[in-house]
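Asks: Below you'll find the structure I mean.
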Amino acid sequence: MCRNKNFFVLKNSPFKIVLHFYGSNNCLNTIKMEQQFDFAMIGLGVMGRNLLLNMADNGFAVVGFDTDASKTSALESAATVGTTVKGVNSLEAMVALLKKPRKMILLVPAGKPVDAVLTSIQPLLSPEDVVIDGGNSHYTDTLRRIEAQSTMGFHFMGMGISGGELGARTGPSIMPGGNYEAYLNVQPVLEAIAAKANGEPCVAYMGKGAAGHYVKMVHNGIEYAIMQLLAEVYDLLQHGQGYTNEQLHQLFRQWNEGDLQSYLMEITAAIFLQKDELAEGELLDSILDVAGSKGTGKWTSQSAMDLGTAIPVIDAAVTMRSISGLKTNRIQAAGLYSPPSKAIAIEPEEFEQQLHDALVSAIIICYAQGLAMLQKASTELGFEIPLQDAVKVWRQGCIIRSAMLELFYTVCSQNPSISNILLDPTIVRPIQASIGGLRSVVIAATKAGIPSMALSNALNYFDAFVSDKLPLNLTQAQRDFFGAHTYQRLDREGIFHSHWG
Ligand code: 6PG
């Protein structure tokens, strides 16, 4: 009979190879391979590979699937020595290696590829397994997939991930939503790999249904808006004041050391200095002024329109990307209309201060619009998004991380049901101190004929938001005049219709 049983686990092996040594004769009785992998990734593009390697770096045994053999070998060769990383080219092999309940993330292009993977994997999984779509899927697709969950036979979650290639490897911001029990299953892994802000992981449960993808979509809308604001300030300094790339670098770097500190400010400062490898000068000056997009900004605007919530800074950013695409028309129109001189006659030091203040106001206003939209979606779409947690996970790891988010986190933690952060007294102060700069900048840009749609929309939103009286009484009168659409009165209750003219 066997008496003493000892186990030897081969380090760095994708399998836990258990060597059973029995009794005094030390005979090798069996070699047993067990399902020992903690997590799987389906799709080993840049984001998938780096996220999976991040899990491995945090001590999890991981397996990655891709049909492209070069991607599975790239995964294994990029793994840190001592970590457990395996690449496979079949879903069956991947599933067989996973511990139960199985946990996996899909990082494949949004749309049909997600449905194709779900259909292929469905017969291989059990009801308690968790499949997470970590791509930038449209939230309505996520809702449809959640609906189909019961027939698919596994837990399905939608999850936003932000941070790009480096963030995926070293600590992204993660926005999971949907089935809460399924979330609890994956929470330890997600908390281990997420970026940390003041020691807290930048991952939290974003709410029911497609809340994770919805929060990521709004994140991207804010990302578009801040990028557009920075582009407008670049235009004003370059064409209005003749700043060189070196001067722009210095100024953006200086701003990045103060209240405007943010990831987007930091990379913009670096962009101004990047040399062109194919021509003289800086690379920025050789890049065509036509912006691409994958649709998430547009989806944010579309959803805001459906909800009836105003996000004009984000809308301006989406619109400016569309106008940038009209390059041929723009060249033709520039010849036809001879636009005015773009020079701005304000002392550089004064203008820099105005631009700083303009950015403070406009960026706060753009976050305020995005957060107000999340708050509305939370109730109207039934997502029950904890607003403070959305802000909490954006503080590090993601593209819109910035110093300002600490203030918004405090505001939303103290008042999680706030409809608009502009109503909080701690936000009133920085806005009051900087809105004059935004107004001066919009005036200067308008006079000089330099487009400033995002800056102007921020100011106009603010001016409308703080107006206790808007001229929309006239709109109501017009509607009632031509269409008997009725109106309400200021001085008495009820619905009224008048005979006009
Ligand atoms: C992120 C980014 C990421 C992607 C954008 C790009 O948070 O890491 O938002 O998801 O870079 O979606 O979007 P566009 O191609 O539409 O600019």
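Asks: Running Debye on segment 216-465 with equal point scatterers at the Cα sites and no solvent, what base-10 log of I(q)/I(0) appears at q = 0.12, 0.14 Å⁻¹?
Replies: -0.70, -0.95
Asks: Tell me the relative contact order for the chain as a rounded percent, counting alpha carbon contacts under 8 Å between residues six or more apart. List each step's numbers first, then the result.
Replies: Values: 899 pairs, mean separation 58.5, N = 501.
Relative CO of the chain lands at 12 percent.
Asks: Against the longest alpha carbon principal axis of the chain, how many degrees, from 0 to 90 and to the nearest 10, is the axis of helix 425-448 turned?
Replies: 60
Asks: Just want the answer: with Cβ charges of +1 for Lys and Arg and -1 for Asp and Glu, which residue in Asn198, His485, Gly212 is farthest toward the dipole's positive end in the chain?
Replies: Highest projection toward the positive end goes to Gly212.
Asks: Viscosity 0.692 mPa s, temperature 37 °C: Stokes-Einstein D of the chain from its Kirkwood Cα radius, in µm² per second? Before the final figure, lay out the partial values.
Replies: Working: Rh = 25.5 Å.
Taking Rh from Cα pairs, D becomes 129 µm²/s.
Asks: Run the dipole for the chain about the Cα centre, Lys and Arg Cβ at +1, Asp and Glu Cβ at -1, nothing else charged, and hand back the magnitude in debye, nearest 20.
Replies: Computed charge dipole of the chain: roughly 1540 debye.
Asks: Just round it to a whole percent: the fraction of Cα-Cα distances in segment 59-143 exceeding 19 Å. Mind dumping the intermediate values first?
Replies: Values: 1512 of 3570 pairs.
Value for segment 59-143: 42 percent of Cα pairs lie more than 19 Å apart.
Asks: Which number do you get for Rg(Cα) / (2.2 N^0.38 Å) in segment 341-461?
Replies: 1.19
Asks: If all Cα-Cα distances of segment 447-501 are sorted into 10 Å bins from 0 onward, what percent lands in each bin, rounded to whole numbers?
Replies: Taking every Cα pair in segment 447-501, the percentages come to 20, 32, 24, 18, 6.
Asks: Further, regarding this structure: I'd like the carbon and sulfur percentage of the solvent accessible area for the chain, probe radius 1.4 Å, heavy atoms only, ligands and nucleic acids excluded.
Replies: Looking at the chain in its full context, I get 55 percent from C and S.
Asks: Could you give the distance between the Cα centres of segment 351-400 and segment 422-438, to the whole Å?
Replies: Computed from Cα coordinates, the inter-centre distance equals 15 Å.
Asks: Nearest 10 degrees is fine. How inclined is helix 245-255 to the longest principal axis of the chain, computing both from alpha carbons?
Replies: The answer is roughly 80 degrees.
Asks: Relative to the compact globular guide of 2.2 N^0.38 Å, what is the alpha carbon radius of gyration of segment 311-388, as a ratio? Mind dumping the intermediate values first?
Replies: Details: Rg = 18.8 Å, N = 78, 2.2 N^0.38 = 11.5 Å.
So the Cα radius of gyration is 1.64 times the expected 2.2 N^0.38 Å.
Asks: So what is the accessible area of segment 39-205 per residue, in Å², with the probe set to 1.4 Å?
Replies: About 37 Å² of surface per residue is accessible.
Asks: Please report the antiparallel percentage of DSSP beta bridges with both residues in the chain, rounded to the nearest 5.
Replies: 50
Asks: Give me the dipole magnitude in Debye, nearest 20, for segment 39-205 about the Cα centre, with unit charges on the beta carbon: positive for Lys and Arg, negative for Asp and Glu.
Replies: 140
Asks: Rounded to the nearest angstrom and ordered from largest down, what semi-axes does the equivalent ellipsoid of segment 39-205 get from its C-alpha gyration tensor (root of 5λ)?
Replies: 22, 19, 15
Asks: Tell me the mean residue ellipticity at 222 nm calculated for the chain from its helices only (DSSP H runs of n ≥ 4, each -39500 (n - 2.57), averaged over every residue, nearest 500).
Replies: -16000 deg cm²/dmol
Asks: How big is the dipole moment of segment 216-465 about its Cα centre under a simple scheme where the beta carbon of each Lys and Arg is +1, that of each Asp and Glu is -1, and everything else is neutral? Debye, nearest 20, please.
Replies: I would put it at about 660 debye.
Asks: Right, something else. Using DSSP loop states and a limit of at most 15 other Cβ atoms within 10 Å to flag chymotrypsin sites (Phe, Trp or Tyr not before Pro), what is the longest stretch of the chain containing no flagged site?
Replies: Between the exposed loop sites, the longest stretch runs 9-499.
Asks: Here is a follow-up. Report the rotationally averaged projected area of segment 119-209 based on its alpha-carbon convex hull, in square nanometres.
Replies: Averaged projected area of segment 119-209's Cα convex hull equals 6.2 nm².
Asks: Given q = 0.20 Å⁻¹, what are the Debye log10 I(q)/I(0) values for segment 253-378, with equal point scatterers placed on the Cα positions and solvent ignored?
Replies: Per q value, in the given order, log10 I(q)/I(0) is -1.35.
Asks: Trypsin sites (Lys or Arg not before Pro) within segment 418-479: which are DSSP loop residues with at most 15 other Cβ atoms inside 10 Å? Don't jump to the answer; show the numbers that get you there.
Replies: Working: sites: Arg439, Lys447, Lys469, Arg479; in loops: Lys469.
Sparse-neighbourhood loop trypsin sites (Lys or Arg not before Pro): Lys469.
Asks: Run down the aspartates and glutamates and flag those whose C-alpha is under 18 Å from the C-alpha of Lys298, throwing out any fewer than 8 positions away in its chain.
Replies: Correct list for Lys298: Asp141, Glu223, Asp306, Asp315.
Asks: Can you pull out the trypsin sites (Lys or Arg not before Pro) in segment 91-137 that DSSP calls coil and that have at most 15 other Cβ atoms within 10 Å?
Replies: Those satisfying the criteria are Lys99.
Asks: Multiply the residue gap between Ile267 and Thr426 by 0.36 nm, knock off their C-alpha separation, and tell me the result in nm, one decimal place.
Replies: Difference between extended and current length: 54.4 nm.
Asks: If you only keep lysine pairs separated by 8 or more in sequence, or across chains, how many in segment 39-205 come under 25 Å at the Cα atoms?
Replies: Within segment 39-205, the lysine pair count is 9.
Asks: Another question, then. Which of the listed residues, Gly295, Ile222, Thr446, is farthest toward the dipole's positive end in the chain, when Lys, Arg count +1 and Asp, Glu count -1 at the beta-carbon?
Replies: Gly295
The values are calculated or read from the model by the stated rules, or taken from the named source; none is laboratory data. All values reported here derive from a predicted model rather than from experimental measurement. FYI the Cβ positions are ideal-geometry reconstructions off the backbone, even for glycines, and counts take in every protein chain you see. For the accessible areas, the whole protein counts, side chains as well, though only heavy atoms, and no ligand, DNA or RNA atoms are used. Shrake-Rupley method; radii C 1.70, N 1.55, O 1.52, S 1.80 Å.
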